[in-house]
1. Does any residue of the stretch 92-104 turn out to be crowded, with 21+ Cβ neighbours inside 10 Å, small (Gly, Ala, Ser) and under 15 Å from the mean Cα position of the chain (by Cα)?
2. Quick one: in the stretch 190-207, of everything that is β-branched (Val, Ile, Thr) and free of Cβ contacts under 8 Å to residues at least 40 places away in the same chain, which residue is surrounded by the most Cβ atoms within 10 Å (Cβ to Cβ)?
3. Does Gly262 meet the test of being closer than 21 Å to Ala38 by Cα, assigned by TED's automatic domain parsing to the domain that holds Leu157 and not in a helix (DSSP H, G or I)?
4. Go through the stretch 133-145 residue by residue and tally those that are part of a strand (DSSP E or B) and surrounded by fewer than 20 Cβ atoms within 10 Å (Cβ to Cβ).
5. If we keep just the residues of the stretch 26-56 that are aliphatic (A, V, I, L, M) and exposed (fewer than 14 other Cβ atoms within 10 Å of the Cβ), which is modelled with the lowest pLDDT?
6. Just to be sure, is Val61 β-branched (Val, Ile, Thr), touching a helix residue (DSSP H, G or I) at 6+ places or on another chain (Cβ under 9 Å) and under 14 Å from Arg109 (Cβ atoms)?
7. With the structure loaded, tell me whether Asp62 is in the same structural domain as Leu285 (by TED's automatic domain parsing) and either buried (at least 18 other Cβ atoms within 10 Å of the Cβ) or closer than 23 Å to Arg137 by Cα (or both) or whether it fails that test.
Amino acid sequence: MRRRELIALGSAAVVVLPLAVRAQQSNRMRVIGILDVAYEDAYRKFNIGAFEEAFSKLGWVDGESVRIQRRVPGSSKDKIDSDADALVSLAPDVLIANSTVLTAALAQRTRQIPIVFMFVGNPIDSGFTDGLARPSRNMTGFTAFDPAIGGKMVQFLRDVKPNLRTVMAMANPDFGGGRSANSIFMERTKQMGIEMGIEVRKANVRTTAEIESTIAQMDDDVGLMVAADQFIFSNRRLIIDLAARHRVPAIYPWANYVREGGLMAYTVYSPAQWQDAAAYVDRILRGTNVVDLPIQQPSKFNLLINLKTAAALGITVPREVLVLAREVIE
């Protein structure tokens, strides 16, 4: 065989082999690990269901082209740690988390596996990245941090209870989106409250007993604003029941509260973040580097109102508030 033909054959081998490798990689079963806050089947279409639907439209079918491994650890630190360990040990192609705490658990365990997060308070403050436009670590995603949310929550409480004078912002200081984010959120909320003639106070709770005493001591002109942290969420049934018993108007950070009997919620629109996460996971699986996927701030919000709860509290929700709601429970 002449030298020219040998060179041509060698060049062809160099080209064909990577193509064959790429074909094998594209056909192999991909693995997605999800560390998730919510597990209730009743709300599936608003969270993991929205992800699955969007992901399937992008050509990924669970059990065929992809295998989705999902863990729901609740608020127990030990369970969060063990579930995070289990997911990382699978060596998945992409990891997903939908809170600051859960994202931190995954971030502590890997700097190689791409992580797509949702509903994170402040990714810079949490150490997930040095900037939003170009992520500096192995993670990207979608934040839930908008300092104006707190002011809107106070406004909606005042709209349904005109004699409102004080709002208690209840949170567990050991959970949440980071000290800087929480500080900015509270400063903005307090300032917007002052502009409306309403005092916003912070009520730190670490136990169910502190939740009970906080709500039981509220006067008739006080409203409750509930923080977006996992300790609070795990005690949502207690909070909803106490608010009803003591006739306290309350506004919550997640839609599930209202669907389970809470008065109102003003929150980032959950399905949109899950759908956006599906798009990012798709791009990563198709070869896009995490650093080329900017971290995005929320653009869609959701007001929910439970009219049954309003009636039980003797509250008439103004029409101008009702028309703003994406979901009304009657």
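The values are calculated or read from the model by the stated rules, or taken from the named source; none is laboratory data. Every value quoted in this text rests on a predicted model; they were computed, and no experiment measured them. Using ideal geometry, Cβ is built from the backbone for each residue, glycine included, and neighbour counts are taken over all protein chains shown.
1. Within the stretch 92-104, one or more residues are crowded, with 21+ Cβ neighbours inside 10 Å, small (Gly, Ala, Ser) and under 15 Å from the mean Cα position of the chain (by Cα).
2. Checking each candidate, the answer is Val205.
3. Here the answer is yes, as Gly262 does meet what is asked.
4. So the answer is 0.
5. Ala42
6. When the stated conditions are applied, Val61 does not pass them.
7. no
Okay, residues lined up against (1) under 22 Å from Asn256 (Cα atoms); (2) at pLDDT below 95; (3) not acidic (Asp, Glu); (4) not assigned by TED's automatic domain parsing to the domain that holds Gln155:
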| residue | (1), (2), (3), (4) |
| --- | --- |
| Ser180 | no, yes, yes, no |
| Glu187 | no, yes, no, no |
| Met192 | no, yes, yes, no |
| Ile215 | yes, no, yes, no |
| Val222 | no, no, yes, no |
| Met225 | yes, no, yes, no |
| Ala228 | yes, yes, yes, no |
| Phe231 | yes, yes, yes, no |
| Ser234 | yes, yes, yes, no |
